[in-house]
Amino acid sequence: MDILALNEYLNRIVYGFPMKLVFLLVGVYLVIFQIRWFSAPFRMLRVSFAETFGAIRERTYGFGGQITPFQATMVALSATVGTGHLLGMLAAVLLGGPGAVFWMWVGYFFGTGSKFAEATLAVHYRRRYADGSVSGGPMYYLSRGLPRLRFLGYLFAFFAAVAAFGIGNLSQAGAVGGALAPLGAPPALVGLGLALLVGVVLGGGIVRVARFAQVVVPLKLLLFLVAVLPLLVLYGGNLPEALALVFRAAFTPEAALGGAAGYSLFAALNAGLGRGIFANEAGLGSAAIAHAQAQVDHPVRQGFWGVTEMFVSFLVTSLTALTFIASGLWRQGGSAAEAAQALFQAHPLGGVILALTVAVFALGTMVSWGFYGEEAAAFLFGEGVRWPYRLTFAVLAFVGPLGGLEAFLAISDTLNGLMALPNLLGLVLLGGVVGRLVYGFFRGEPWVPPR
Amino acid sequence: MLTGNLAEFPFPALVGALMSAGRTGRLLLKPPFLEGEIYFRGGQVVHARVQAGERSLEGEEALDLLVGLKRAPFTFEPEALPPHTTLLGGLAVPARLAEAQEVWRGLSLPSDWGYVLRLNPKGGEVELPPEALRVLAQVEGKPIAQVLTAPGVLRLARVLHTLLGVKALEAVPRVEVPPVALLVLPIYGSGSGVAYVDEALYAGWARAIRHGFRLRLLGREAVMEVRPRPNIPERLGLLEEDLKRLRLRRGDKVEVVPEV
């Protein structure tokens, strides 16, 4: 078996349906047995909002560290809200039908458990250095929280450091180049611009990455609203029917859709869960690297920011899906790119807005993934690797729009999926720690970091 | 120039030493809460004066007061001459000092006369003579030094001793810590009446106050127990019940000041 065949085999496993069920079950375990959302659901909801949206006016006030909880969430959101929220969402509806959206919501709901636990553990087990900087993420909570399974942390760091070059860089840079090509931007020039931008932002460390994310995430959301709102107004009349279709087609797609395009329950479940898991990165562990940077007095506070990250991602994917279903274009089939072109033909700004949105989405993802990869590499090889990693990342950002390196992209895609294996195992084994932290937080106890 | 502290060289002994050495000059006492001076001319005490705030005493009354000082830095400036004389010198001065010393020995007042007197909120019901009641009515919020700097020093000291002894009054340090603006941070848990501040801020206040203290939320008319908590710089941690009671929410800016 050659390496590409092995890669394809592994890829099918890590993105396969059984793996999606594992993601879901880990989320269910955390939500029900450790975080216990349902023990006092209204209080949880109230506290969740108070700790995040209620704290938005404190966005510039940290707890004495490098970046604020809000900024850390912006870095995570910058990576999470990517092209998967647009093209990936359209692809999920095309593959699974409107019912996929319901299963996506299920994935999102239980994904809040994984994301909450990741953000909480990331802060709890992070390392603080003499200059005030911190490093954290799954590699730290796996190696510090599970000393006998320390290798899981190294495994995660290796997967993340390599995946960041491909899925977090080459494919994103390719998406920017692809989106701007119809507007007449030469790929080499786009690559040069990306390399410079990525190099300058990553070169400033987490503070500059956070400042960048603080601008790019609102810009992403603004562009998304400009792109989607006119379409929502246009197809607004069909929205109630689209929503009803989502629920009807969730369990009996054949009956709801009249057997259209061969949609089945499995297809809806598979495509929907796929979006509900991979769009928000809950369970992959990537966002935890950003959340670890937040300066908070208690890890659980950052856990709530993790849920907010999920909420924003949920709004973007849901609005995209509902607009697409309301337009009726999903019935025509085809690829996600063709469907997107067809959908945005009705937009007053046409394909330009789609191109800009995709480009900005991919750009934000790229910078945050650069930081994730750098942190993972620094965990493996020490602080000295940061600048070589940044330079390599910038060079690959230049190469991305030019195309090529497909084999490397395919391998990095698999490594991206493999990140979930050590992370999910860690979330299950460290679930008790999350439960104790939540219990202590709601008893007013101060946080005692592990030694 | 001779310098030292009354904690090591008590006042009557110091005056006795300067008298027996036949010195001329000024003995200046400068604890933070008052200023006292005694002039010597050829070993005779010829003038004594005490100033505390706007009040002052001269002559024997000033001597009576200065005998009660347990600690105060002093300086002797030789050859300084008195502005006028209020004491006749001779044996009357050592006799007066010995008499005052005897009275002060039987009294127990805080050694720091900068402490402020206030009615004891935990005080019980007591029966007081009219003189004590008269004093009680006049001392609220005043430093001990200022209360004692009045005619009848020893009598006043006895009354204060009684009032403090029966816990009608309490002496607390004067807190001169500027208000701090903090952002409200919810602390989830049961209970109320407790405010949390960052450990570093709490330690700073504790060093400045050196006494138990509470926290006043300015503009809210609330006084709360205050406890240190790690990692909450620039924040004021309040329990949910207090947030509701005070109509505060996360991120509100509140000015707080510690008080004894």
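The values are calculated or read from the model by the stated rules, or taken from the named source; none is laboratory data. Because the structure is a prediction, the values reported are computed rather than measured. In this analysis, Cβ positions are derived from the backbone assuming ideal geometry, glycine residues included, and neighbour counts consider all displayed protein chains. Quick note on the areas: whole protein, heavy atoms, side chains included, nothing else; ligands and nucleic acids left out. Shrake-Rupley method; radii C 1.70, N 1.55, O 1.52, S 1.80 Å.
Could you look through region A:274-307, keep only residues that are part of a helix (DSSP H, G or I) and within 14 Å of chain B (Cβ to nearest Cβ), and pick out the one that is nearest to the chain's Cα centre (by Cα)?
Within region A:274-307, the match that is nearest to the chain's Cα centre (by Cα) is A:305.
Confirm whether residue A:47 is open to solvent by less than 30 Å² (accessible area, probe 1.4 Å), within 14 Å of chain B (Cβ to nearest Cβ), in contact with a helix residue (DSSP H, G or I) (Cβ under 9 Å, 6 or more places away or on another chain) and in a helix (DSSP H, G or I).
For residue A:47, the condition - open to solvent by less than 30 Å² (accessible area, probe 1.4 Å), within 14 Å of chain B (Cβ to nearest Cβ), in contact with a helix residue (DSSP H, G or I) (Cβ under 9 Å, 6 or more places away or on another chain) and in a helix (DSSP H, G or I) - is met.
For residues in region B:174-201 being over 27 Å from residue B:116 (Cα atoms) and part of a loop (DSSP other than H, G, I, E, B), which is nearest to the other protein chains (Cβ to nearest Cβ)?
B:189
Taking the condition of a type outside the set (Asp, Glu), open to solvent by less than 30 Å² (accessible area, probe 1.4 Å) and farther than 28 Å from residue A:55 by Cα, does residue A:292 pass?
Taking the combined requirement at face value, the residue does not satisfy it.
Within region B:155-165, identify whether any single residue is at pLDDT 90 or above and of a type in the set (D, E, K, R), and answer yes or no.
Checked region B:155-165: at least one residue is at pLDDT 90 or above and of a type in the set (D, E, K, R).
Look at residue B:184 and say whether it is farther than 30 Å from residue A:57 by Cβ and of a type in the set (Val, Ile, Thr).
No, not satisfied.
Considering every residue within region B:202-212, establish whether at least one is at pLDDT 95 or above, within 14 Å of chain A (Cβ to nearest Cβ) and either within 25 Å of residue A:299 (Cβ to Cβ) or assigned to a strand (DSSP E or B) (or both).
So far as region B:202-212 goes, yes, one or more of its residues are at pLDDT 95 or above, within 14 Å of chain A (Cβ to nearest Cβ) and either within 25 Å of residue A:299 (Cβ to Cβ) or assigned to a strand (DSSP E or B) (or both).
Is at least one residue of region A:179-190 among the hydrophobic types (A, V, I, L, M, F, W, C) and touching a Ser or Thr at 6+ places or on another chain (Cβ under 9 Å)?
Within region A:179-190, one or more residues are among the hydrophobic types (A, V, I, L, M, F, W, C) and touching a Ser or Thr at 6+ places or on another chain (Cβ under 9 Å).
Here's a check for you: in region B:213-230, which residue that is modelled with pLDDT of 90 or more and assigned to a loop (DSSP other than H, G, I, E, B) is nearest to the other protein chains (Cβ to nearest Cβ)?
The selected residue is B:230.
Condition check ((1) closer than 30 Å to residue A:204 by Cα; (2) under 24 Å from the mean Cα position of the chain (by Cα)) across all residues:
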site: A:311; (1), (2): yes, yes
site: A:323; (1), (2): no, yes
site: A:327; (1), (2): no, no
site: A:336; (1), (2): no, yes
site: A:356; (1), (2): yes, yes
site: A:363; (1), (2): yes, yes
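Kindly establish whether residue A:309 is touching a Lys or Arg at 6+ places or on another chain (Cβ under 9 Å) and closer than 30 Å to residue A:97 by Cβ.
So residue A:309 fits the description; yes.
Within region B:104-160, count every residue that is within 13 Å of the chain's Cα centre (by Cα), of a type in the set (Asp, Glu) and part of a helix (DSSP H, G or I).
Counting residues in region B:104-160 that are within 13 Å of the chain's Cα centre (by Cα), of a type in the set (Asp, Glu) and part of a helix (DSSP H, G or I) gives 0.
Output yes when any residue across region A:163-182 is out of contact with any strand residue (DSSP E or B) (no Cβ under 8 Å at 6 or more places or on another chain), open to solvent by 10 Å² or more (accessible area, probe 1.4 Å), under 30 Å from residue A:265 (Cβ atoms) and in a helix (DSSP H, G or I), and no when none is.
Yes, that holds for at least one residue.
Return the residues of region A:403-439 that are within 14 Å of another protein chain (Cβ to nearest Cβ) and surrounded by 18 or more Cβ atoms within 10 Å (Cβ to Cβ); say none if nothing qualifies.
Matches in region A:403-439: A:437, A:438.
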